[in-house]
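Colleague: One structure follows; several queries about it will come next.
The values are calculated or read from the model by the stated rules, or taken from the named source; none is laboratory data. Please read these numbers as outputs of a predicted model, since none were measured by experiment. With ideal geometry, Cβ positions are generated from the backbone for all residues, glycine too; neighbour counts draw on all protein chains shown.
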């Protein structure tokens, strides 16, 4: 029996695993199958490419196929794994020209996630996009770019000529709709407004970015409104309508004529291939243990298709994010090379730029989620300065912390502000990993100097107030 | 016997304690004696006041005597405590008009620190300053301000007319010397250069800011040189020379004619008053326990005159910094009000702005100190990006981490870079409080989004590299 390490998926998790395994055990055969032409691209950078802040499409590529080859990895693009057989330890591969069986010693499923479009009608119309592939990024930027500009479409090893040409020949849009006020929606609003477009953002619930909680959501609303985004909150989009090409958005608050729609209503894990073989959680993503192992011997999963242990709840949860994919992939690469390394836990730490507003969240950020996880939550929101009050650039920073009433343990928090707010969430994330109580957080010896922070960092102010309330209960 | 809470010193620690005690126990008599006319001023803001970024002198005052009185605190400025008698629980007070005995129930010694000038000769010359009092800040800014400008000298409740008038009437300096490349020296270099002065900075050792370690020191050297500061490293100042007024600096590398000298070669705790009564450490500062209690019953100490327990070594150390003073004062105020609260530990977390360069340090940052504290250190320095490589504003960030070889425990670290580097030290400070190992640090779920951080935050990159070396040993 052959012993290669076979990886399904050539993005963050897959190539981190392949690279680490090869580095630790250069003699091991490492084979990667990637369905598309693209590998190792920065999904999170696409809105900034469309905005124009990132100049060229190939700036978003972190590893080329040639670099992967140099690492001794046997990479096959345009190859889809269509079946797996854990019994015989083989996968069935469909290449561009031929189908074949690939035996494996260890298998990593790193199939990622796909952008959701249901239940919105009309998402198959022309000029309707999701933001989950390099081709969409190229198409949207081509659509937005004035016809006389030639920059930005160098795609390195892959070919986007067709999609770019098609969209360069259309009249640039003037009015756009964003369906969904999550990360992608908010970041794309910045991109569209930067290009001077009338931008309508639709969000079903009362506030955008629900995973960031109410206090951050309120500040994001203000930030979007101030930037001239037409907000349609508490509004469901019923359909995208048109004849072949998109013409208008029909929503519960009426219809708006638009030239482009961006649908960002969530993603789902790609697990069709393995769902019959390995255990999946309620989220639909693959259940994994502390070493990224699935329920089947020799089969690992990592990245956007996998659940991981949550730092605070200790249970398996699905929080598809970039660092998680890279870290789990790297750990699995080391493990299959013979030196077992835990994949670590996820706290769901995330940061978001909403125009000038910086937002962060980590752990459990609202009382309902805390109760569901079995805690008796107490939470507090404060607004405090980001620097000494007398120092220029001091900005109002809103911090929410959630704790367990019984133990005083910190469960999570959020932050929003225009001055270095995002990076401050790392203090809370680190405190979660350390299992700190609110009193311990309150006594942290954090940095203070007028240009960077007030004597009491906003996170400490929130901890003091929440600590006081915990003492009283 | 009377039961008042008596506080010696009306700055950060003293007034934090007085305020907290009064808030928790409004009936308690709280008396504060402050030797000078100033209370509760932002020492750390002085360089930025002199630079002109902070407009007025009174912007640096965080609490006025009237506000202190409103809190029900009995504040006496211009009152020096000249003796204490723990037997009879009284202090002897010298006021402007009379001397008297003040009985106490609890006593807090918050006498702060003073700027060191020895062994430099000539520091008593005119136009030689230290930067430890509001009067010096007013004098230096007056000296630097062109005679036709009237702004900036509003001092609120205190009177600086005399010193301001005196220095406004002198010709502004053109060439200045800074003796000592610590925090104050580096921050004042920024202030002087912003005002266009030829600025000579003298540092006895090879690099400025020794507590930040070698890697940061090297970057500070580059930053100062790039900003046009004349650096005299490895150079001892022998004397400041002149007839009445300063004329030149005489150093081991020769003499330079200067119009102003700023001496920032360190501070010493003010403990003359209590040194015969309470136990002091090797640093000369007062030894305290986890509740800020000294060796004498009913006598507490906090702020720049006190030692505290170090997060990493567990021993008493003297690290005089702003947050420490505020936090310890506040905790002691709560304790004496009947609800004991630990003062917390210090990790020596500090941040510094050296022109555009942001620097941070926390815990033990070099191998020698780690060995002295009984550890077997391994350290690593890396330079990594502050944001995704393709995103504008990505800046090289240098991180050093120190760990204990045997346990893998993180002992401390430093950081330097131009893009949000300072705040990132809080991740390391929080990890120290949580007692994290380098492997745990490496697996932290930190924030990632292209505008704020690369997938692997520079702190995580350093942890990965150091973790790899720990695994190999």
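Colleague: Any idea which of (1) more than 9 Å from chain A (Cβ to nearest Cβ); (2) more than 20 Å from the chain's Cα centre (by Cα) is the one residue B:357 doesn't satisfy?
Modeller: Status for residue B:357: all satisfied but (2).
Colleague: Still on this model: For region A:297-336, how many residues meet the condition of being in contact with a strand residue (DSSP E or B) (Cβ under 8 Å, 6 or more places away or on another chain) and outside any helix (DSSP H, G or I)?
Modeller: Number of matching residues: 19.
Colleague: In region A:91-109, what residues are part of a loop (DSSP other than H, G, I, E, B) and out of contact with any strand residue (DSSP E or B) (no Cβ under 6 Å at 6 or more places or on another chain)?
Modeller: A:95, A:96, A:97, A:98, A:105 - these are the residues of region A:91-109 that are part of a loop (DSSP other than H, G, I, E, B) and out of contact with any strand residue (DSSP E or B) (no Cβ under 6 Å at 6 or more places or on another chain).
Colleague: Right, here's the next one. Taking region B:434-456 on its own, how many of its residues are within 16 Å of residue B:423 (Cβ to Cβ) and in contact (Cβ under 8 Å) with a residue 60 or more places away in the chain?
Modeller: Residues flagged as within 16 Å of residue B:423 (Cβ to Cβ) and in contact (Cβ under 8 Å) with a residue 60 or more places away in the chain within region B:434-456 amount to 4.
Colleague: Same structure again: Restricting to helices (runs of 4 or more DSSP H) lying wholly in region B:374-473: which have 2 or more residues that are more than 11 Å from chain A (Cβ to nearest Cβ) and surrounded by fewer than 24 Cβ atoms within 10 Å (Cβ to Cβ)?
Modeller: So the answer is B:458-472.
Colleague: Within the set of pairs 6+ apart or on separate chains, which have a first residue in region B:182-209 that is farther than 14 Å from residue B:228 by Cα, a second that is modelled with pLDDT under 95, and C-beta atoms under 6 Å apart?
Modeller: B:184/B:131
Colleague: For region B:198-230, how many residues meet the condition of being crowded, with 19+ Cβ neighbours inside 10 Å and more than 23 Å from the chain's Cα centre (by Cα)?
Modeller: The total comes to 0.
Colleague: Which one is nearest to the other protein chains (Cβ to nearest Cβ) among residues in region A:21-40 that are crowded, with 23+ Cβ neighbours inside 10 Å and not in a loop (DSSP other than H, G, I, E, B)?
Modeller: Step by step, filter region A:21-40, then rank; the result is A:21.
Colleague: Only one residue in B:311, B:294 is buried (at least 16 other Cβ atoms within 10 Å of the Cβ) and under 22 Å from residue B:10 (Cα atoms). Which one?
Modeller: The match here is B:294.
Colleague: I'd like to check something: does region A:114-135 contain any residue that is surrounded by 21 or more Cβ atoms within 10 Å (Cβ to Cβ), out of contact with any strand residue (DSSP E or B) (no Cβ under 6 Å at 6 or more places or on another chain) and closer than 25 Å to residue A:243 by Cβ?
Modeller: Scanning region A:114-135, I find at least one residue that is surrounded by 21 or more Cβ atoms within 10 Å (Cβ to Cβ), out of contact with any strand residue (DSSP E or B) (no Cβ under 6 Å at 6 or more places or on another chain) and closer than 25 Å to residue A:243 by Cβ, so the answer is yes.
Colleague: Looking only at region A:141-186, how many residues end up being more than 24 Å from residue A:63 (Cα to Cα) and either out of contact with any strand residue (DSSP E or B) (no Cβ under 6 Å at 6 or more places or on another chain) or assigned to a helix (DSSP H, G or I) (or both)?
Modeller: Going through region A:141-186 one residue at a time, the tally reaches 22.
Colleague: Inspect region A:329-337 for any residue being under 21 Å from residue A:447 (Cα atoms) and within 10 Å of chain B (Cβ to nearest Cβ) and give the result as yes or no.
Modeller: Looking for residues that are under 21 Å from residue A:447 (Cα atoms) and within 10 Å of chain B (Cβ to nearest Cβ), one finds none in region A:329-337, hence no.
Colleague: Still on this structure: Based on this model, can you work out whether residue A:249 counts as under 30 Å from residue A:37 (Cβ atoms) and surrounded by 22 or more Cβ atoms within 10 Å (Cβ to Cβ)?
Modeller: No: the conditions fail for residue A:249.
Colleague: Here is a follow-up. Is at least one residue of region B:48-59 in contact (Cβ under 8 Å) with a residue 12 or more places away in the chain, more than 21 Å from residue B:133 (Cβ to Cβ) and in contact with a helix residue (DSSP H, G or I) (Cβ under 9 Å, 6 or more places away or on another chain)?
Modeller: no
Colleague: Looking for something under 25 Å from residue A:248 (Cβ atoms) and more than 14 Å from chain B (Cβ to nearest Cβ) - is there at least one such residue anywhere in region A:100-115?
Modeller: yes
Colleague: Separate question: In region B:252-263, which residues are over 19 Å from residue B:171 (Cβ atoms) and crowded, with 20+ Cβ neighbours inside 10 Å?
Modeller: B:263
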